[in-house]
């Protein structure tokens, strides 16, 4: 593939609105494979895209809808893998060790700080994780721009970017709902109860380490494979 | 009904069957293989193929790997263990359907 061909395809895909790296590469390979096997050898790459490739995909709208479908498929895969990891931790030794550790810390620390503060610390851990992910996603988009890539982000980053914003909203919405409905006392009672604090904290820690594993598998592997 | 509509209904089976035969294939290669096997009678559009590939991948029947080919990234699809079982089941289901369809279209042959 020559740089000129890469530029022609890149500009075309960018112009029609293809945003993600994975779909960009799949389209680029498809267009070039099709171009290399064209019947009319006098046809230019631009003509081939316009007269052969675009119609065979069913037009620009269809190309973009394929990208969207692929994103949804990837979302399914990412969350499926996340829950696989989480379940393996829940049913394995990490759960036992973390539960024992958290229980110990809760009872020892209850002499110095209250359980709501401990729960708050684990919640802060979760927000730090979300912040790290979001920074990574924004940094990647920024790098695509500075390195003059024809795509804006990767599908993994795009999916996680959307879903992480939901994770930030959920705890906030829950706390606001309790406060608005006059249930803040009940909420504080729950947060102060070790019966809820311990499993809640354990779950947040397991979410944290599951996300870390997913981060290693999905983010780095994908980038190494494709760049 | 046009042949393309009939083809669309059996596209997942065709893809699974082809991948059962070949270890791994990429999107364009699949379209060309179908064209070659049917002497151009089946025109597999990319607009139908890629959503099928992505759906099968999401369902866990296909796995993907990327390779650098001539300075570009090529995405290969191959069957998972579940995909292998699904390919066999789908092909068998389609074969049974075709036998029964033949009986309906040619009742005399069915009686013989």
(request) Evaluate the relative contact order of chain B (contact order divided by residue number), counting alpha-carbon pairs under 8 angstrom at least 6 apart; express in whole percent. (result) 28
(message) For a quick check: sort B:10, A:210, A:2 by the number of other beta carbons within 10 angstrom, fewest at the front.
(response) A:2, B:10, A:210
(request) Using only atoms on other chains, find how many Cβ atoms lie within 10 Å of each Cβ of peptide B:66-73 and report the average. (result) 6
(message) Please report the spacing between the Cα centers of the stretch A:138-212 and the stretch A:55-106 in Å, no decimals.
(response) 14
(request) Just rank A:179, A:201, fewest to most, by other beta-carbon atoms within 10 angstrom. (result) A:179, A:201
(request) Would you calculate a helix-derived [θ] at 222 nm for the protein assembly as shown, using -39,500 (n - 2.57) for each DSSP H run of n ≥ 4 and dividing by the full residue count, to the nearest 500? (result) -24500 deg cm²/dmol
(message) For chain A, what does the relative contact order come out to in percent, with C-alpha contacts under 8 Å and a separation of six or more?
(response) 33
(message) For the stretch A:3-226, take N as its residue count and report Rg(C-alpha) divided by 2.2 N^0.38 Å.
(response) 1.39
(request) Using only Cα atoms, find the angle between the long axis of helix B:27-37 and the longest principal axis of chain B, and express it within 0 to 90 degrees, rounded to the nearest 10. (result) 40
(request) Report, as an integer, the average count of C-beta atoms from other chains found within 10 Å of each Cβ along A:10-16. (result) 0
(request) Would you mind pulling out the separation of the Cα centroids of the stretch A:1-32 and the stretch B:36-112, in Å? (result) 27
(request) Write down the Å³ per residue value for the convex hull defined by the alpha carbon atoms of the stretch A:1-131. (result) 167
(request) Would you mind classifying the stretch B:1-86 by shape? Square roots of the alpha carbon gyration tensor eigenvalues, ordered a ≥ b ≥ c; an a/c under 1.5 is rounded, otherwise it is prolate if a/b is larger than b/c and oblate if not. (result) oblate
(message) Need one value for B:43-51: mean number of C-beta atoms belonging to other chains within 10 Å of its residues' C-beta atoms.
(response) 6
(request) Would you mind ranking A:184, B:78 by Cβ crowding within 10 Å, fewest neighbours first? (result) A:184, B:78
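Throughout, read-outs are computed from the coordinates displayed, never taken from laboratory work. Nothing here was measured: the structure is a model prediction, and the numbers come from that model. Because the Cβ atoms are built from the backbone with ideal geometry, glycine has one as well, and the counts that use them run over all protein chains shown.
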